[in-house]
Amino acid sequence: MVHLKDVCMTYPKTGTPAADHLSLDIGEGEFVFLVGSSGSGKTTIIKLLTGEVRAQSGEVMVNGFDLRKIKRRKLPALRRTLGVIFQDFRLIDNKTVFENVAFAMHVIGAGRRAIRERVPYVLKLVGLEGREKRLPQELSGGEQQRVAIARALVNSPSLIIADEPTGNLDPARSLEIMLLLQKINDLGTTVLVVTHEKELVNAFSKRVITLENGCVASDETGGYYGHEA
Amino acid sequence: MKLNKFFYLIKEGIKSIFTHGFMSFACVVVIVACLLIMGNFALLSVNIDHNIKQLESQNEILAFVDETLSEDDARAIGPHLRSLDNVKDVEFVTREEAMKNFISKYEDEDMFSDLTPSTFRNRYVIYLDDLSRMEGTRDDIAAVEGIADVSASLEISRGFIAVRNIVTIVSVVLILILFVISIFIMQNTIKLATFSRREEIGIMKMVGAGNAFIRLPFIIEGLLLGLLGGAIAFFLQMGIYRVLNQRLLASAVGTMIQVIPFATLMYPVLAIFLGLGLLVGTFGSSIAIRNYLKV
Ligand SMILES: Nc1ncnc2c1ncn2[C@@H]1O[C@H](COP(=O)(O)OP(=O)(O)OP(=O)(O)O)[C@@H](O)[C@H]1O
Ligand SMILES: [Mg+2]
């Protein structure tokens, strides 16, 4: 699923590496929290996985794609096997909830019939039935994030990657979103969640990978985030 | 690319004209303004050129026929002259007509009462296709048997040609400058328009859209806006031209110059405006979007 080995990555114009001989593997069906202080390299890992940045050395394999060697025009094929969720939702403001989700299906060339069947199903799964015609600004933050999750899910990716998906939400909404991600994981999708929120991580008994200065500092299943701090 | 994807992208392109209403409006305004500036200037120089040509065509060569030839013999030279290279038209003028023309130019006709046609020579008035070759044609005419003398105003024709060349060069240079400025303005307008969609493009890429998928709606949008701008500019140009034409005709200058009716110029103007609009819209949007496709 995800295989990083001895990965080094330094952004141009900066001296310190954002990933420093970093290794980690994520197997199919896992639910993994990726934690660490600000600047420890969490977002960088996600960018390495989605092909937004390239490692200077090491191995980066995602869903069978070799990200060290992948050609730029093959990136869309990789990204279609991923569902990515961000802190700031990244919805298209002038499209309705339905269109925002359907959009991802248009990208892969899905037919109208398939879209009309699949989108309502996914919207129901994330608890947004009845909101199809609304625009993003007519939704609460939690609801907007559900739209983003629906969009990430709609093409049945094998891996969902979420970068601080609850960063803009209150604790109750955050818990709901995490429960939703866990539900998606229970349905068979691998989930990788980056987060800052200790309570939230500790409320679930999952694998927790802690980063420090671009390296894996700890990697424990059923781990407890923050015990070493 | 699958067909339903293609139709979706076309629909998206059309839709985004409306969802980004203000930017679309700005792009169309810029296209219209640029086309109108260039169009008015081009039409002005076309008209100047036309008027100069008009004056040129009145610049004729006079070929005097040998006095010893009878009128019939003199008329017989006509076809020969007509067959010469660069000769557009030939008009035979008898000595009687020549005298009448001469006298009618003066008010006091009695002054010439003792004038007889024999003072005048039979002659040909010869019009040319290309004034710049007047000198050579004059020599050809002089070499024709039965032509005694040729009068051609080379100085005037040279003057006309110089003026026309200057007008052509000046207008080509100015139109090129205007074109470059227009492209520059367009490029910036489109850059601004696509800048507001950086995020949208980022989202498209994140969900795995290929470059063609991202590009097509933009290009269709640019193409349609360009065509729309071209069409609007055309109708405005038509209005401006007609109003100016009427004003000019009503003024004193109107009697001295000839304005080409818009109907004659309509199709070339429409074709050029639509073509330029399309070109600018399509190229502008594909160049502007290229910057965002690199990641
Ligand atoms: N585009 C960039 N150019 C240069 N340096 C960058 C860039 N993005 C991140 N960095 C640097 O790389 C390091 C890791 O950043 P990263 O964004 O991965 O941290 P993070 O763990 O996601 O932090 P946060 O929790 O604040 O989001 C930091 O030192 C950061 O300053
Ligand atoms: Mg981050």
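The values are calculated or read from the model by the stated rules, or taken from the named source; none is laboratory data. These figures come from a predicted structure and were not determined experimentally. Note: ideal-geometry Cβ built from the backbone for every residue, glycine included; neighbour counts use all protein chains shown. To get the accessible areas, we keep the full protein, side chains included, count just its heavy atoms, and leave off ligands, DNA and RNA. Shrake-Rupley method; radii C 1.70, N 1.55, O 1.52, S 1.80 Å.
So for the stretch A:94-101 (the condition being away from ligand 2 (no atom under 16 Å from the Cβ), open to solvent by less than 50 Å² (accessible area, probe 1.4 Å), of a type in the set (V, I, T) and within 13 Å of chain B (Cβ to nearest Cβ)), does at least one residue qualify? The answer is yes, given that some residue of the stretch A:94-101 is away from ligand 2 (no atom under 16 Å from the Cβ), open to solvent by less than 50 Å² (accessible area, probe 1.4 Å), of a type in the set (V, I, T) and within 13 Å of chain B (Cβ to nearest Cβ). When the residues of the stretch A:11-20 are filtered to those that are closer than 25 Å to A:R79 by Cβ and out of contact with any strand residue (DSSP E or B) (no Cβ under 8 Å at 6 or more places or on another chain), the one that is least open to solvent (accessible area, probe 1.4 Å) is A:Y11. Only one entry in A:V101, A:V60 is on the phi < 0 side of the Ramachandran plot and within 16 Å of ligand 1 (Cβ to nearest atom), namely A:V60.
Counting the residues of the stretch A:54-89 that are at the interface with another protein chain (Cβ under 9 Å from one of its Cβ atoms) and either within 30 Å of A:Q144 (Cβ to Cβ) or touching a helix residue (DSSP H, G or I) at 6+ places or on another chain (Cβ under 6 Å) (or both) gives 11. If you check A:N202, A:N185 for being assigned to a helix (DSSP H, G or I) and modelled with pLDDT of 95 or more, only one passes: A:N185. The residue that is nearest to ligand 1 (Cβ to nearest atom), counting only those in the stretch A:189-198 that are touching a Ser or Thr at 6+ places or on another chain (Cβ under 9 Å) and not β-branched (V, I, T), is A:H196. Per this entry, B:L35 is not counted among residues that are in contact with a helix residue (DSSP H, G or I) (Cβ under 9 Å, 6 or more places away or on another chain), modelled with pLDDT under 85 and aliphatic (A, V, I, L, M). Per the conditions (1) polar (S, T, N, Q); (2) touching a helix residue (DSSP H, G or I) at 6+ places or on another chain (Cβ under 8 Å); (3) under 19 Å from A:V84 (Cα atoms); (4) surrounded by fewer than 16 Cβ atoms within 10 Å (Cβ to Cβ), the sole criterion not satisfied by A:S156 is (2).
Annotation note: of B:G210, B:G229, the sole residue that is under 30 Å from B:V269 (Cα atoms) and either more than 13 Å from chain A (Cβ to nearest Cβ) or of a type in the set (G, A, S) (or both) is B:G229. For the stretch A:10-46, the tally of residues that are of a type in the set (D, E, K, R), at positive phi and away from ligand 1 (no atom under 13 Å from the Cβ) stands at 0.
Residues of the stretch B:240-284 that are more than 18 Å from the chain's Cα centre (by Cα) and under 13 Å from B:V32 (Cβ atoms): B:G277, B:V280, B:G281. Taken together, B:L115, B:L128, B:L192 contain a single residue that is within 30 Å of B:L69 (Cα to Cα) and at pLDDT below 80, which is B:L115.
Tallying residues that are open to solvent by 40 Å² or more (accessible area, probe 1.4 Å), within 16 Å of A:K206 (Cα to Cα) and in contact with a Gly (Cβ under 7 Å, 6 or more places away or on another chain) within the stretch A:159-189 yields 1. Of the residues making up the stretch B:105-146, those that are farther than 13 Å from B:F64 by Cα, under 38 Å from the mean Cα position of the chain (by Cα) and either not assigned by TED's automatic domain parsing to the domain that holds B:L69 or not in a strand (DSSP E or B) (or both) number 12.
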